[in-house]
Amino acid sequence: MDRKLSAILAADVVGYSALMERDEAGTFERLRAGRKELFEPEIGRHHGSVFKLMGDGMLAEFASVVDAVECAVSLQRGLAERNAAVSEDKRIQVRIGINLGELIVDGDDRYGEGVNIAARLEQLAEPGGICVSGKVAREVEKKLPFGFEPMGEQRVKNIVEPVRAFRVIIEGQVRRKPRLPSPSNWVLAGAVGLPLLLAVVGSIWQFWPTSTVSGKPTVAVLPFESYGDEATARLASGLTEDIITDLARYPEFQVIARNSTDQYRDKPTSLSVVGKTLDAAFVVEGSIQREADQVRVTAQLLDVKTGKHLWSERWDRPAKDLFAIQTEISEQLSNRLGGGSGLIQEAGRFTAHRRPPENLNAYELYLLGTERLERVTRPDVEEALRLLTRAVELDPGLARAWVELHHTHDWLANFGVEADKNRSLAARAARRAVELDPSDAEAHAVYAISLADSDEFVRAKAEFETALRLGPNQFEILTFYLGWASTLGEPERGAQMVDQAIRLNPNFPMWSVRPFAVAYFMAGRYGEAVGMYKRTSPESMSGVHWALKSGALAAVGRTEDAKASVKEALKRFPDLTIQGIVSSSGWSDAERQRIVEALRLAEFPACAKPDILAKAEKPFHLPECTLP
């Protein structure tokens, strides 16, 4: 048999039978014209060839996967233009699936799993949409200007292994997150330390079902099924309760109480019935099975409206410590679903993007504001300010929007935009968030940050501890605390919190990289600080971060890289000096000493200009610098 590696494009008409029933002759003519005037020319222009035609679909082969994706986008755009000129009941919409794989060549025909997967991906696409395999997304994501929304691992007909699927975003700009390596089907027992949960980002759906006036979605955690002895049943019960408790700490959504979901224990019920009865948008379900000395745990998140599996994971652990398993899985699962970078908030952002701007409610504006903040560039932060200000105008009682407003003003101050004014506005927003929701851990954390910014370290530490008590395993709370841990005299604890935060959320967002880097730097873990700064875009780094990066490079012996970093820092911030950095408020004496030592190694300019020092409340004197 002849074999070759190719990209396969599978296309299929949506609702073909209904179209033919309504207007057989007209539908046939429109399909024929579409093939002749759009599909065949576009496929030829992108160096592809059609190898199979069906009444309502076709299969095409491309030597280049880039050509295949570009062609698919051109086809969908072309169809949209053609449909604009006809009535809705006569419009022809197409689903497209693309896969990259090895084919069996038989004359003009093509066979094999590569073709089959393309056809199954086409079935997963929405009308007018494109669905591609993980292989395709990896090949083209940095070569084409389109976004790719992960749909998770999909089980498709006649294919043994799950297929990682991605939705191609044609309309507008979509935030693109760094890709994680695919998790193996099993996390092997006996590895050193606790294995990291590499969660698959869930599917994104078209509509966002809600049950509350605020627009926040509702989540129901069903009792985990148990297969095994009484100890396994206790583990299932405890895990269910822990997940409900952990998820309930996230104000981004509402969680159905256990006494309501317990009615479904050992009772098979359809997803639609659960959603309707509990008025839930999402359902978490799972199972626990014990075999010999191993325990297997599965968990998944489902969209009630579509019935799709948005995310799933499976663990295999030694059974000797069931309660340690319970704690670990509950922590990791709740962090993957909840929080600012969790799957549920991701879905809300995507839905908000699809709505006209004038129809957005306060909660959706809040979601879009948090998305902008995660990019941590000045234009994005300024846009976040606009979105979040509008959110609190529409709903002044939305505590989470005030939390994010604190971050927005804080970042603007860091970028040098009316620093005093924005620090004051940040503190006001933090106070307002705590007043509105004293049970919100993140509200206490941002209030702690505002207190620390004013050198009220005793009160700040008390607020951080309150936040940690309310959300002991929340990624965001740990990240906010660790950013100030060394200032509060706990540098080693700060670095340990970084380790814990990464374990809880291996797919940590970009905004967390800078506090991670500072915490590692202050604990003397310079190599890890350098690693964090490598993840950061130059545009999102303030002068202080450029200086710390330079010092960390010098401390690990990378002298030439340190010199290059110093040069770039001074190009961007000409007045940056050791004395100027350590004269700013907020540093402890130990932090100042560490910064001075590292920056001297990097040969950073030492002495600040008199006018800069004059602005500092307590100017720091270096022996080599002349007193003003």
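Coordinate-derived values only; no laboratory data. As the structure is a computational prediction, the values presented were derived from the model and not from experiment. A quick note on method: Cβ atoms are made from the backbone with ideal geometry, for glycine too, and the neighbour counts reach across all protein chains shown.
Across the chain, the convex hull enclosing all Cα atoms gives 189 Å³ per residue. Straight-line cross-link reach from Lys36 at under 27 Å between alpha-carbon atoms covers these lysines, not counting any fewer than eight positions away in the same chain: Lys52, Lys90. A straight Cα-to-Cα reach below 17 Å connects Lys618 with the lysines Lys609, residues fewer than 8 places away in its own chain not being considered. Using 0.36 nm per residue and subtracting the Cα-Cα separation, the extra length available between Asp575 and Glu382 on full extension is 67.0 nm. With helices as the sole contributors, the chain gives -15000 deg cm²/dmol at 222 nm; each DSSP H run of n ≥ 4 counts as -39500 (n - 2.57), and the sum is divided by every residue. Considering only the Cα atoms of segment 461-586, their convex hull presents on average a projected area of 7.7 nm². Placing dummy labels 7 Å off each Cα toward the beta-carbon, the span from Lys615 to Ser424 is 1.7 nm.
The loop-placed GluC sites (Glu not before Pro) in segment 552-628, going by DSSP, that have at most 16 neighbouring Cβ atoms within 10 Å of their Cβ come out as Glu603, Glu617, Glu624. Annotation for segment 224-256 versus segment 270-301: alpha-carbon center distance of 10 Å. On a per residue basis, the convex hull of the C-alpha atoms belonging to segment 541-628 measures out at 88 Å³.
Note on segment 2-169: semi-axes of the ellipsoid equivalent to its C-alpha gyration tensor, largest first and rounded to whole Å, are 25, 17, 16. For segment 507-578, the orientation-averaged shadow of the C-alpha convex hull comes to 4.5 nm² (one quarter of the hull surface). For segment 355-458, dividing the convex hull volume of the Cα atoms by the residue count gives 94 Å³ per residue.
Cross-link partners of Lys308 among lysines, defined as those whose alpha carbon lies under 27 angstrom from its own and excluding same-chain residues fewer than eight positions apart: Lys135, Lys157, Lys177, Lys216, Lys267, Lys276.
Rounded to the nearest 20 debye, the dipole magnitude of the chain is 780 debye, with +1 charges on Lys and Arg beta carbons, -1 on Asp and Glu beta carbons, and the Cα centre as origin.
Selection among Thr218, Gln294, Pro127 by position relative to the dipole of the chain gives Pro127 as farthest towards the positive end (Cβ unit charges, Cα centre).
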